[in-house]
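So the structure is just underneath, and the comments pick up after that.
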Amino acid sequence: MILCYVQLFEVMKTNEKYKLGVALSGGGVRGFAHLGALQAMNERGIFPDLIAGTSVGSLVGALYADGYSPQEIYKMAEALKMREFITTAIPYDGFLRSTGIQSFLKKHLRAKRFEELKTPLRVVASDIEQGTSFVFTTGEIIPAVAASCSVPIVFSPVEISGHYYVDGGLFANFPVSVIRKDCRRVMGVDISPVISMKYDRSFKYIIERTMNYMVGANTVKDRKNCDYLIESAEVSAYSLFDMKSGESIYEKGYTSAVEYLETHKKKIQRELLNPPPQTLWHRISRIVKPEK
């Protein structure tokens, strides 16, 4: 009985402002799979009311929230060369600088501030001094996304308002918790599920595997908090820096999303496309008689 009252209190204080939130994980070049997944969603009439992104998920999320279609973003990224995306640096705090990412966004983003985006966006980065995760929701978009994409050691930290930020994947590679309480439903796209991979004696292999294990450990709770979870072991098998495989990664992201959405078609139709009215009474009734 006490538990029931606690649950009722939680329902009454929860503010579900958005029908559907979409969380896009980090994963380097595997971000092409996000575009395939978004394309599959859009073809079925599924459009997010709120987006949260970490690392490359924030990059894709920013462009999508600015009104570009997945295919338009794909064409932008496909034409990009790795040398245009990165700038070498004196290795004091990183071998590369994120100026290439910022230049790319300056060229394509029409909105300059979060408040100007067509779809609300939340960008996750890590405060390297405080050791905490930080969510950007207002102010300039480009520095926030650059910070979220700044893999430690590889990229130099990005300074914003006197704080130094690096890749959001350190603490929240799959930003479901960032939007969970504000959304009736959350669809997550995880492009970096941990999979086994044959040993390769190289720095690249060690760096990538270390990052995969690190981010995998901080995504367990977020994966459970998704109402819908799209992922692909085939996508996760690609290198974080494999720019030559963009088309293949996109196709695998699209295929895995189509398979998932078709498998859960009835549930999605009922909950997203033709949802019942969500009055306070309906939300309370889910506790008394949980949905099947």
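The values are calculated or read from the model by the stated rules, or taken from the named source; none is laboratory data. What you see is a predicted model, and the numbers here were worked out from it, not measured in a lab. Glycine also receives a Cβ, built like all others from the backbone with ideal geometry; neighbour counts cover every protein chain displayed. Side chains are part of the model used for accessible areas, which takes the heavy atoms of the whole protein and leaves out ligands, DNA and RNA. Shrake-Rupley method; radii C 1.70, N 1.55, O 1.52, S 1.80 Å.
Search segment 189-244 for residues being aromatic (Phe, Trp, Tyr) and in contact (Cβ under 8 Å) with a residue 40 or more places away in the chain, and hand back the single one that is nearest to LEU20 (Cα to Cα). Before the answer, list the steps.
Filtering segment 189-244 for residues aromatic (Phe, Trp, Tyr) gives 199, 203, 205, 213, 228, 238, 241.
This time we only want the ones that are in contact (Cβ under 8 Å) with a residue 40 or more places away in the chain, so: 228, 238, 241.
Numbers: TYR228: 11, TYR238: 29, PHE241: 31 Å.
Per the stated criteria, the residue is TYR228.
Before we move on, is SER156 closer than 18 Å to GLN102 by Cα, touching a strand residue (DSSP E or B) at 6+ places or on another chain (Cβ under 6 Å) and of a type in the set (Ser, Thr, Tyr)?
Details: closer than 18 Å to GLN102 by Cα: yes; touching a strand residue (DSSP E or B) at 6+ places or on another chain (Cβ under 6 Å): yes; of a type in the set (Ser, Thr, Tyr): yes.
So SER156 fits the description; yes.
Scan segment 202-213 and tell me whether some residue there is open to solvent by 10 Å² or more (accessible area, probe 1.4 Å) and at pLDDT 80 or above.
Scanning segment 202-213 turns up no residue that is open to solvent by 10 Å² or more (accessible area, probe 1.4 Å) and at pLDDT 80 or above.
Sort through VAL166, VAL176 and tell me the only one that's among the β-branched types (Val, Ile, Thr), crowded, with 24+ Cβ neighbours inside 10 Å and under 17 Å from LEU121 (Cβ atoms).
On the way: VAL166 fails: under 17 Å from LEU121 (Cβ atoms).
Result of the check over VAL166, VAL176: VAL176.
For segment 230-271, give me every one of the helices (runs of 4 or more DSSP H) that falls completely inside it and has 1 or more residues that are modelled with pLDDT of 95 or more, open to solvent by 20 Å² or more (accessible area, probe 1.4 Å) and closer than 20 Å to GLY57 by Cα.
Working: elements: 233-236, 246-263, 265-268.
By residue number, 246-263.
Could you list, in sequence order, all residues of segment 65-80 that are within 19 Å of LYS252 (Cβ to Cβ) and either open to solvent by 30 Å² or more (accessible area, probe 1.4 Å) or touching a helix residue (DSSP H, G or I) at 6+ places or on another chain (Cβ under 6 Å) (or both)?
We begin by selecting, within segment 65-80, every residue within 19 Å of LYS252 (Cβ to Cβ); these are 70-71, 73-75, 77-78.
PRO70, GLN71, ILE73, TYR74, LYS75, GLU78, listed by residue number.
Restricting to segment 1-39, and then to whatever is modelled with pLDDT of 90 or more and among the charged types (D, E, K, R), can you tell me which residue is least open to solvent (accessible area, probe 1.4 Å)?
This residue is ARG30.
Name the residue, out of ALA77, ALA62, ALA33, that is among the aliphatic types (A, V, I, L, M), under 18 Å from LEU229 (Cβ atoms) and in a helix (DSSP H, G or I).
Values: ALA77 fails: under 18 Å from LEU229 (Cβ atoms); ALA62 fails: under 18 Å from LEU229 (Cβ atoms).
Only one candidate passes the filter, namely ALA33.
Provide a single number: the residues in segment 109-138 that are in a strand (DSSP E or B) and touching a Pro at 6+ places or on another chain (Cβ under 6 Å).
Counting residues in segment 109-138 that are in a strand (DSSP E or B) and touching a Pro at 6+ places or on another chain (Cβ under 6 Å) gives 1.
Among the residues of segment 146-159, is any within 14 Å of the chain's Cα centre (by Cα) and open to solvent by 40 Å² or more (accessible area, probe 1.4 Å)?
Checking segment 146-159: not a single residue is within 14 Å of the chain's Cα centre (by Cα) and open to solvent by 40 Å² or more (accessible area, probe 1.4 Å).
Looking at SER58, SER98, which is the one that is at pLDDT 95 or above and in contact with a strand residue (DSSP E or B) (Cβ under 8 Å, 6 or more places away or on another chain)?
Working: SER98 fails: at pLDDT 95 or above.
Going through SER58, SER98 in turn, just one is at pLDDT 95 or above and in contact with a strand residue (DSSP E or B) (Cβ under 8 Å, 6 or more places away or on another chain): SER58.
What is the number of the single condition among (1) under 22 Å from LEU38 (Cβ atoms); (2) open to solvent by less than 30 Å² (accessible area, probe 1.4 Å); (3) touching a Ser or Thr at 6+ places or on another chain (Cβ under 6 Å) that ARG185 does not meet?
(3)
Report yes if some residue within segment 142-151 is in contact with a Gly (Cβ under 7 Å, 6 or more places away or on another chain) and part of a strand (DSSP E or B); otherwise report no.
Step one: of segment 142-151, the residues in contact with a Gly (Cβ under 7 Å, 6 or more places away or on another chain) are 148.
Going one step further and asking which of them are part of a strand (DSSP E or B), we end up with none.
Taking every residue of segment 142-151 in turn, none turns out to be in contact with a Gly (Cβ under 7 Å, 6 or more places away or on another chain) and part of a strand (DSSP E or B).
Taking the options VAL176, VAL186, name whichever one is touching a Gly at 6+ places or on another chain (Cβ under 7 Å), under 20 Å from VAL60 (Cβ atoms), in a loop (DSSP other than H, G, I, E, B) and of a type in the set (Val, Ile, Thr).
On the way: VAL186 fails: in a loop (DSSP other than H, G, I, E, B).
Result of the check over VAL176, VAL186: VAL176.
Give the residue, chosen from THR119, THR137, that is within 15 Å of the chain's Cα centre (by Cα) and in contact (Cβ under 8 Å) with a residue 60 or more places away in the chain.
THR119
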